[in-house]
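Please read the structure below before turning to the comments.
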Amino acid sequence: MDLDSLKSGDKYTKLRDSHVVFICMQDVFKNGLPVNTFENICQEDGVTKLNDRSYKHFFIAPRCAKMIEDEEVRSFFEFLISNKAKTKYTTSLSNYVEDARHNTQWRLQYMTWERQRAYDFDEGKEAGLIEGREEGAQQKAIEGAINLLKEGDAPEKISRCIGLPLEKVLELQSQISKKA
């Protein structure tokens, strides 16, 4: 979300407020509050705020339906709970939801998006596995080279046998020499 708020080179202080809203049907925090608002705070001291102007709001629908005084807002939460429209606003909202459910073009777009998202995830997961294997093989080669260097083998021989570039083996040799 911050990507949309800042341009490259802009200062952090130019961030606009960002609000993420969660509407929950149960009291997920079990604290009895109708609304729980969070900001990013330092885990270590519990006081220092990040001041990134990012807020997360959790609205507990059953509590909001009982405690909010504004009739339109309260009717919205009551509609979410009962799925029964009682005001002009919730009736229009109900009609909109019903139209969306029966809109075949929208459903097709949604299913296509879901399929593409699943495909992208699987492709990313597969790419990540390949990258992970390559990184693991590289790390194993480096560990092997370090062990052979400590045994006194020649960098040229290690490079040939393990498959690491000679420059990398020489760099590892230099690091070992500095530690000794």
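Starting from the Cα gyration tensor of the chain, take the square roots of the eigenvalues, sort them a ≥ b ≥ c, and report rounded, prolate or oblate (rounded when a/c is under 1.5, otherwise prolate if a/b is larger than b/c, else oblate).
Prolate.
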Counting sequence-distant residues (5 or more places) and residues on other chains, those with an amide H built under 5 Å from that of Tyr55 are Ser18, His19, Val20
For segment 5-95, shape from the Cα gyration tensor axes a ≥ b ≥ c, cut at a/c of 1.5 then a/b versus b/c, turns out oblate
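Let me check I've understood the local charge: for Ala65, count other residues with C-beta under 9 angstrom from its C-beta, Lys and Arg +1, Asp and Glu -1. What total comes out? Before the final figure, lay out each step's value.
Values: positive: Arg63, Lys66, Arg74; negative: Glu78.
That works out to +2.
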Counting only DSSP beta bridges with both partners in the chain, the antiparallel fraction in percent, to the nearest 5, comes to 45 percent
Taking the highest mean first, how do the peptides 43-54, 24-35, 137-148 order by number of other beta carbon atoms within 10 angstrom per residue? 137-148, 24-35, 43-54
Under the Karplus relation with 6.51, -1.76 and 1.60 and θ = phi - 60°, whole-Hz ³J(HN,Hα) for segment 82-98, x at Gly and Pro, equal 9, 6, 10, 7, 10, 10, 4, 5, 5, 5, 5, 5, 4, 4, 4, 4, 4
Using the Cα centre as the reference, give the magnitude of the dipole from point charges on the C-beta atoms of the chain (Lys, Arg: +1; Asp, Glu: -1; all else neutral), rounded to the nearest 20 debye. 280 debye
Potential extension, Ser82-Ala100 segment - 0.36 nm per residue separation minus Cα distance: 4.6 nm
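Throughout, read-outs are computed from the coordinates displayed, never taken from laboratory work. Worth saying up front: this structure is predicted, and the values here are computed from it rather than measured. Please note: Cβ atoms are built from the backbone with ideal geometry, for glycine as well, and neighbour counts cover all protein chains shown.
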